Every structure is written in C-alpha cells, then in structure tokens.
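**Student:** Next up is a structure, given as structure tokens.
The values are calculated or read from the model by the stated rules, or taken from the named source; none is laboratory data. Remember, it's a predicted structure, so these values are computed and weren't measured experimentally. Cβ coordinates were reconstructed from backbone atoms using ideal geometry, including for glycine residues, and neighbour counts include every protein chain displayed.
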Amino acid sequence: MKFLLDTHVLLWAAATPLKLSKTARKLLDDSANELFFSAASIWEIAIKRGITKASINIESHVLRRALIDNEYSEISITGEHAAAIEVLPHIHKDPFDRILIAQAITEGITLITVDPVLLKYPGPIRKV
C-alpha cells in the first residue's frame, strides 16, 4: 500500500519512534508499503523551527535527507493539490493538514495521521 505520512508521524518516526502506535510502526516497517512525505511537511517544520518551536528537534533539511536516504518518496505541492483544497469541507483550519489531505485525495494515497479530526474528511485517511 501507499502511505503519505502527516508531519507528526514523520517527526515521531525520525526522532522518537516509541511515540508511534504499534500499528504505525508495523505499517512503516512493512517493506511492501510505499512511504511518502510531502514537501508541505518539510515546509511546516522549517517554519515552526524558525519561530522557535522547542518541540521540533530536527532540522528540516536533515529530516528530508534522512527520509530520502531511507527510501521515502517526496511529493511536491502542485497546482492540482492547491486547487483541491477549495472543495474540502472547512473542518480543520491548519493549512498544512489541508494540503496533505488534498494530496492524499488527488494522488490516491492513504494519509496516515495521529489527528482524529482529519478522519472527518472524505478520502483515504487512516488514524494510527
């Protein structure tokens, strides 16, 4: 299966994997699964580190390189993804989460998240 990891899942997988549920660790460890990350998550981390979010202990460029080195595939933000946000219901106001949802729907990839609010959206979203 193909999975797009939300930003929390990416950060936990990279820095504190024990924060992930057993289900999440199992999905990430299964070599049959294709794992994706979004440029939006790297952007979000860079912005939050820039405003001194102490809880993010990894630099965005270091995380990106580590993900690529570990065979994660990067999804760029396209105009198609941006336009898909327009038709999403206004459930969640976080623009980074909204672009991840739009990418998952547009690309047909399941978004895995720890945020139960995201499950209210239509589309391929799974809480882990």
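**Student:** Looking at segment 4-15, which of the residues that are in contact with a helix residue (DSSP H, G or I) (Cβ under 6 Å, 6 or more places away or on another chain) and not in a helix (DSSP H, G or I) is surrounded by the most Cβ atoms within 10 Å (Cβ to Cβ)?
**Tutor:** This residue is Leu4.
**Student:** Restricting segment 87-114 to residues that are among the charged types (D, E, K, R) and either modelled with pLDDT of 95 or more or surrounded by 18 or more Cβ atoms within 10 Å (Cβ to Cβ) (or both), which is farthest from Pro17 (Cα to Cα)?
**Tutor:** Among residues in segment 87-114 that are among the charged types (D, E, K, R) and either modelled with pLDDT of 95 or more or surrounded by 18 or more Cβ atoms within 10 Å (Cβ to Cβ) (or both), the one farthest from Pro17 (Cα to Cα) is Glu107.
**Student:** Further question on the same structure: If only one of Ile105, Ile91, Ile47, Ile56 is in contact with a Gly (Cβ under 6 Å, 6 or more places away or on another chain) and among the aliphatic types (A, V, I, L, M), which one is it?
**Tutor:** Values: Ile91 fails: in contact with a Gly (Cβ under 6 Å, 6 or more places away or on another chain); Ile47 fails: in contact with a Gly (Cβ under 6 Å, 6 or more places away or on another chain); Ile56 fails: in contact with a Gly (Cβ under 6 Å, 6 or more places away or on another chain).
Of the residues listed, the single one that is in contact with a Gly (Cβ under 6 Å, 6 or more places away or on another chain) and among the aliphatic types (A, V, I, L, M) is Ile105.
**Student:** Further question: Any residue that is over 26 Å from Pro122 (Cβ atoms) and surrounded by fewer than 17 Cβ atoms within 10 Å (Cβ to Cβ) - is there at least one of those in segment 36-47?
**Tutor:** Yes, the conditions are met somewhere in segment 36-47.
**Student:** Also, quick follow-up: Look at Ala46 and say whether it is among the aliphatic types (A, V, I, L, M) and within 24 Å of Pro116 (Cβ to Cβ).
**Tutor:** So Ala46 fails the test.
**Student:** Okay, moving on. Which residue is farthest from Thr16 (Cα to Cα), if the candidates are limited to segment 30-64 and must be among the charged types (D, E, K, R) and at pLDDT 95 or above? Break it down stepwise before answering.
**Tutor:** Taking segment 30-64 and keeping what is among the charged types (D, E, K, R), we get 30, 34, 44, 48-49, 53, 59, 64.
Next cut, at pLDDT 95 or above only: 30, 34, 64.
On the way: Asp30: 18, Glu34: 21, Arg64: 16 Å.
The residue in question is Glu34.
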